[in-house]
Structures are given as C-alpha cells and as structure tokens.
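Colleague: This is the structure, below, for whatever I ask next.
Each value in this text was obtained by applying a stated rule to the coordinates, not by laboratory testing. Since this is a predicted model, take the numbers as computed values, not measurements. Cβ coordinates were reconstructed from backbone atoms using ideal geometry, including for glycine residues, and neighbour counts include every protein chain displayed.
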Amino acid sequence: MADPELKEVPRDCDGQHPMITPGHSLASVTEKISDVTFLPVKKMPKEWFIGFAIAFMLLQLLFLGITWLLTQGTGVWGLNVPVAWGFAIINFVWWIGIGHAGTLISAILLLFKQDWRMSISRFAEAMTLMAVACAGMFPLLHLGRPWLFYWLFPYPNSMGMWPQFRSPLVWDVFAVSTYATVSVVFWYTGLLPDLAAMRDRAKNKAVQFIYGALSFGWNGSARHWHRYEIASLLLAGLSTPLVLSVHSIVSLDFAVSVIPGWHTTIFPPYFVAGAIYAGFAMVLTIMIPVRKIYGMGDFLTERHLNTMSKVMLVSGLIVAYGYLMEVFFGWYSGNPYEKGMLNNRFVGPYNWSYWALILCNIAVPQLLWSYKIRTNPILLWIICQFISVGMWLERFVIVVVSLHRDFMPSNWDGYFGTRWDWAVYIGTIGFFLTLVFIFIRVLPMISIFEMRELVHKEHEKKHGGGDH
Amino acid sequence: MATKKKQPEDLYGVIAQFDDSHELMKAADAAREAGYVNMDAYSPVPVHGLDETLGRKRSKLPYIVLCGGITGLCLGFALQVWVSCIEYPVNVGGRPFFSWPSFIPVAYECTILFAALSAAFFMCYLNGLLRPYQSIFNAPNFERASIDRFFLCIEVEDPKFEYNEVLEFMGAFNTENVADVPK
C-alpha cells in the first residue's frame, strides 16, 4: 500500500532515492522549515494541540508521582530485598539508551560523511537532550535521601568526605553529566546558523530580538563557517567516544557485580547496541507522525525510512547475538548458578517477560528485512513501538529477573511495580513529549542550513564541475 | 568613465550581492589577486574553498581543543589520585590506593568534557560571536545572507581601499547589487 507522502521521485545520479526531493531552492528550504515556528496559533495543526494536551496531562502525573515519592519515601515503590533496584534503574537505562541514537546520528554519521543524517540530526539530538533529562531524574529520585544528591560530586566539604571513584555509580555521575553537557553544547552550536535564519525571517520585533540574542550575532561570514565546520567535526569526534563510553559505563553498573545475569563482560557492547536500537526506534516514533502532520516528506524521504530501518535491523541483530551469547555462557560455564539463572528466565515466574522480550526485540523486527515494510510509515511505526517496549523489557529482565533469584533460595522473592512506580515512569514519558512539542513549536525541527547545503551540493553537481 | 563619488563619512565597507556561490568565488579570487586583505564573504551555506581564497591561515582551534582535552585528562586523573591516595583513602575490595585502571572512566569523561567545552567556547570567541552590534548588519538586504544570497564585503580598513576603485572592481562581476555599508 503506497503512502501518498512518498511521491514517486526519480532516483538520483548514484542510483539511490534522493535525500531531498528535487525542486527545492535555498530559499524554499528555509521558508518551509522555519514557517512551522512562525505559524500563528490559529494555523497550527490541531494535532499539535491534542498531542500537547495529552503530554501535559501525563506531565502532571509525573509531578504527582514525584511529590508523593519525596514526601513518603521510596517505600511507595515496589522495592524490597532482594530486588533493591527496580523501575528506577530500568527507566534510567531505558531513557539514556534512547538518548544515544541522537548523538549517533549527529556525531558518528557526520564523521562517516553520511549526508542523509542532515535532515534528522536536529530533532534526533533534541530528543537526546530530552531523554537525558528524563533519565537524569531517576538517579536523584531513587536515592533514599534525594536532597543529598550533591554528595555524589567531588566538592570540598566540612565533613572531609569524597566520592569513591572506583565505583561505576560515581563513574555514571561523570559520564551522564558530561553527556548532558556535551549534547547541549553540540546541539546548540548546530542551532546557531538556524537561529540566525529565524532572526532574519521574524516579523515580530520581540521575536526577532530573542532569536537574534540566541544566535549570538551569527552573520554567515566565510571565516566563521570555516571555524564552525572545524568545531562541528571536533565536537562530533568527541561525542562519538563519549556516547560509546557512557552506555558502557552504565552497563558496568551491573557488570561489576557478582550475581548471575549481571556479571558478564558482554554488557558494554550489548548495551551500546541496544541503545542504538531503542534510540532509532524513538527517533522514528517521533519522526513519522511529525513528517506527516507538518508535510516534511520532502526532507524526510523514503531513503531515510529505509536507511534507519536498516540500522535498526543491524543493531537488533547485534542485540540478538548478545542474548544468544548469554544463553551460551550460561550453559558453557557449567556454573550451577548461571544455569539456574537461565532456567529461571525460560520457565521461572517471570518467564512471560523473557519470551515477550524475544518476541519484541528479535522476532518482530525481522519484518524489517522487507523493503515494503521498511518504507511503509505506519507499519514501521508499529514495529518501533514493539522495539521500545522490548528494550524496556530487556532492562526489566536484566534487573528484576536476575535480582529476584540470586544465590540463596532463602533470599528469593517477587517484585512488581506499584502504581507510583508506573506513575513516575509514564510521567517521564509525558515530560519527554511535552518537551518535544515545545521544541517543534519554537525551533526549526530540521537543520535548515544543512538542507541548504544539500540543495547547494545538488546545484554544484549539475552546474559546477567544469565551468569554473 | 563613471563620475567619481565621494566616500561617505561613516563607511564600514562596500558590499556586493551575488545569487550564486560561483560568482562569489570568482570575485573573492580576483579580490585576493588584486591585493585586498580586509574583506569577508557571507553565505547561507559553507562554501568550500572560500576561506582559503580569502587568504586565511589554518585555524588554531584544533590545537586549543587538544590542550583543553589534555587539561581535562590531567585534572580528572589528578583529582582522583589526590582523593583516593592522599585525602580520603578507602580500602575498596582490597584494591591498592593507586588503583589507576579504576580511574580511567572518570578521567576519560573529564577529557571529553573539557575538550568539547573548549571547542564550542573558543569557536564562539575566535569568531567574535556574542558581539551585540556588528556593522555588517547595516548592509542593505543582508537578511538574505542567512537565506539564499551570497555577499562579498571589502572593508574600509584595508590598506588598498580606495572608494571608487572598489566600486568599479565590484561592478565588474555578475552582482545583483553593490552598496555601501555604514558603520
């Protein structure tokens, strides 16, 4: 079933689907993208209002959940012994993983000179920031005394105490803080030329002033562009090892412990692949509806859907390999506790989560081998929801199923999330979506100058070359 | 021969507007050949080769970022060594106080943090961004520089600047407009 958004466009000279529908000029690209933010309230698509309303209501659920948690204590959550870490860590890892796709798209694909990333990098990177903001709430909230969170940072204090730097939990503090800071810096630097374009197109004086201030006086000088490109490459080159290290450090939260199911060296690459997997699913989850509602099919083409699905398929296969290896280790080790852990996953009380995980993360995404499915926005969107749920279940299996039955049967117990666990989790989804809607409203969701670059390159290819 | 015009009092430079980056490159090339030094080109997209054509040397930014990264590495590592060996040593799992492999992740993150912050901050600083007033914004039609037009401006500070010569020089190219930029 052909999607009406995907007009039949001729393939470009490389035999590929074009990254940008032909026929655009520098001005038309600028207008189409920046017009979204200049729409008067009456002309804004009603889907935005509906979406924002739902997101805002879920945000209230977050406030409610946090308030109740802070006043009553972590007892309102389902934590117990042995499952002393529950939804908080699951959600933290889930959100951070989702954030990594944005950095991968902005940074790693920039280094590989993959121009198709240009139209998705802006909102993918924005999504990273919002995901990290959601993730960052959990380490603070799950503390027994959250008002003492600042003790995690090394600062001179009257108690003469310092953090214990050999712990991955402290490494997390530095990794996530650095990740958040560098992502903001990278994203904002990328925005500067676009904020200048907004300043120059704004009609309202106050709006012009605000965008002007935010764009730092960017004027498009060739000298500025030169340094800017160098800075972008450097930031991309720095963000790449950063994103790989952050999720590896997060995985080490588990890997340095001793319990079966956690104590395995495969975790760093397995978590990073899983992060890319979940993150691309979230980028597509946002991208597909936004593309439809705002008519951005010219910039977010069939090629993007196709390529991003392939990336998801690849990372999904790496994740599947990780699961397979876990099973292999459990068996090959001959260790009764490892074998017990595996047995528990297959037939224990939480086996439904393990099999749902296999379905969502391994079985369903195999549909992506089909080109028709990869380029069908609705089916693709549905598959992405399966992947998002599957990745949450993966962390559930790792945290809860491994914890609830460890070495001593006398220690075994069950675990379930209470309504306050769910309230905070769904509330963070609301927070995330609220930020997404605000972002779409006030900032160009696609990188304008990079789209212009694509148009310019096409122009150069056609008219440049010989006659210079 | 056009009649000679009088150079305005508060002139910043003379700007030419092009609708194509090729024309801009040709003009910039010719301007460099003619010996102009204080000039700049403005475009809505980065134009490759334009910066060299305008006669610029390699940027110092990569070296600054490297220094920033090394600073971060040293500070991060030194902090941990000081805390774990001198100020607040704690026996964790029988590890020696100077358990340097455990210090790698935090030192690594500090390296990246300092390097990234240097990259962004010094890019803005060296570019002179964050100036509230820039004369170039007084150029007519300059809003198009961030949309779809290309500009070349030869500044009055240039030692070879002579008002009428520059006007004539600019007029020789396929420009859409040649205008004065007041300060």
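Colleague: Pairs of alpha-carbon atoms within less than 8 angstrom and 6+ residues apart define the contacts here; what relative contact order does chain A have, in percent?
Modeller: 33 percent
Colleague: Something else about it: Describe numerically, in nm with one decimal, the distance between label points set 7 Å from Cα along Cα→Cβ at A:H463 and at B:I104.
Modeller: Output for this residue pair reads 5.4 nm.
Colleague: Pairing the Cα long axis of helix A:419-442 with the longest principal axis of chain A, what angle in degrees results, from 0 to 90 and rounded to the nearest 10?
Modeller: Roughly 10 degrees between the two axes.
Colleague: What is the mean number of Cβ atoms from other protein chains located within 10 Å of the Cβ atom of each residue in peptide A:99-105, rounded to a whole number?
Modeller: Shielding by partners across A:99-105 averages 0.
Colleague: Here's another thing I want to ask about it. Which order do peptides B:91-99, A:256-264, A:438-446 fall in by mean Cβ count within 10 Å, highest first?
Modeller: Packing proxy ranking, top to bottom: A:438-446, A:256-264, B:91-99.
Colleague: Could I ask something else about it? With all distinct Cα pairs included, what does the Kirkwood hydrodynamic radius of the stretch A:312-468 come out to in Å, to one decimal, could you say?
Modeller: 19.8 Å
Colleague: Which whole-number percentage describes the relative contact order of chain B, with Cα contacts under 8 Å and a sequence gap of 6 or more?
Modeller: Computed over chain B, the figure is 49 percent.
Colleague: Hey, another quick one. Counting Lys and Arg as +1 and Asp and Glu as -1, what is the net charge of the other residues whose Cβ lies under 11 Å from the Cβ of B:R144?
Modeller: -3
Colleague: Are there any helices in chain B, counted as whole DSSP H runs, that stretch 15 Å or more along their axis by Cα and score at least 0.5 on average by Kyte-Doolittle, and if so which?
Modeller: Correct list, ordered by number: B:61-81, B:100-127.
Colleague: Enumerate the calculated ³J(HN,Hα) couplings along the stretch A:80-91 in order (Karplus 6.51 cos²θ - 1.76 cosθ + 1.60, θ = phi - 60°), each rounded to whole Hz, writing x wherever the residue is Gly or Pro.
Modeller: Rounded to whole hertz, the list is 8, 9, x, 7, 7, 10, x, 4, 4, 6, 4, 5.
Colleague: Along each of the three principal axes of the Cα atoms of the stretch A:361-453, give the extent in whole Å, ordering the values from largest to smallest.
Modeller: Largest first, the stretch A:361-453 extends 65, 36, 23 Å along its Cα principal axes.
Colleague: Take peptide A:157-163, look around each residue's Cβ out to 10 angstrom, count Cβ atoms belonging to other protein chains, and average those counts.
Modeller: Counting Cβ atoms of other protein chains within 10 Å of each residue's Cβ and averaging gives 3.
Colleague: Another question about this same structure. Shielding of B:37-45 by partners, i.e. mean partner chain Cβ atoms within 10 Å per residue?
Modeller: Counting other chains' Cβ atoms within 10 Å and averaging over B:37-45 gives 6.
Colleague: Moving on. Less than 15 Å Cβ to Cβ from A:F174, Lys/Arg counted +1 and Asp/Glu -1: what total charge do the surrounding residues give?
Modeller: Working: positive: A:R166; negative: A:D172, A:D253, B:E109.
Residues near A:F174 contribute -2 overall.
Colleague: Same structure, new question: Note down the Stokes-Einstein diffusion coefficient of chain B in µm²/s, whole number, using a Kirkwood radius over alpha carbon pairs, 10 °C, and 1.306 mPa s. Walk me through the intermediate numbers first.
Modeller: Values: Rh = 20.1 Å.
Here the translational diffusion coefficient equals 79 µm²/s.
Colleague: Here is a further query. Working out 0.36 nm times the residue gap between A:T67 and A:N411, then minus their Cα-Cα distance, what length gain in nm do you get to one decimal?
Modeller: Residue separation times 0.36 nm, minus the Cα-Cα distance, leaves 120.7 nm.
Colleague: Based on alpha-carbon positions alone, could you give the equivalent ellipsoid semi-axes of the stretch B:61-127 from the gyration tensor, as √(5λ), descending, whole Å? Could you put the intermediate results ahead of the total?
Modeller: Values: eigenvalues 194, 17, 11 Å².
Three semi-axes, in Å: 31, 9, 7.
Colleague: I would also like to ask the following. Report, in degrees rounded to the nearest 10, the 0 to 90 angle that the Cα long axis of helix A:302-333 makes with the longest principal axis of chain A.
Modeller: 20 degrees
Colleague: Would you mind getting the Kirkwood hydrodynamic radius of the protein assembly as shown from its Cα pairs, rounded to one decimal in Å?
Modeller: 27.2 Å
Colleague: Can I ask one more? Are there trypsin sites (Lys or Arg not before Pro) in the stretch A:53-150 that DSSP marks as loop and that have at most 16 other Cβ atoms within 10 Å, and which are they?
Modeller: Those satisfying the criteria are A:K113.
Colleague: Where Lys and Arg each count +1 and Asp and Glu each count -1, what net charge lies around A:A320 among other residues with Cβ under 14 Å from its Cβ? List each step's numbers first, then the result.
Modeller: Numbers: positive: none; negative: A:E326, A:E394.
Counting the neighbours of A:A320, the net charge comes to -2.
Colleague: Per-residue HN-Hα couplings for the stretch A:350-359, Karplus 6.51 cos²θ - 1.76 cosθ + 1.60 at θ = phi - 60°, whole Hz, x for Gly and Pro?
Modeller: Listing the rounded values in order: 9, 4, 4, 5, 5, 6, 5, 4, 4, 4 Hz.
Colleague: Another question, then. Test of understanding: what is the full-extension gain from A:K339 to A:V314, defined as 0.36 nm times their sequence separation minus their Cα-Cα distance?
Modeller: 6.1 nm
Colleague: Now a separate question. Please list the non-local residues whose amide H lies under 5 Å from the amide H of B:N177, H modeled 1.01 Å from N, same-chain partners needing a gap of 5 or more.
Modeller: Here the answer is B:Q17, since their amide H atoms fall under 5 Å of that of B:N177.
Colleague: Check B:G13: other-chain or 5+ apart residues with amide H under 5 Å from its amide H, H built from backbone geometry?
Modeller: So B:G13 has HN proximity to B:V156, B:V181.
Colleague: So, in Å, what gap is there between the alpha-carbon centers of the stretch A:429-449 and the stretch A:188-226?
Modeller: 18 Å
Colleague: Which whole-number percent of Cα pairs in the stretch A:265-345 have a distance greater than 14 Å?
Modeller: Tail of P(r) above 14 Å: 70 percent of Cα pairs.
Colleague: Starting from the 7 Å offset along Cα-to-Cβ, what nm value, one decimal, do you get for the label separation of B:E143 and A:L169?
Modeller: Roughly 5.6 nm, to one decimal.
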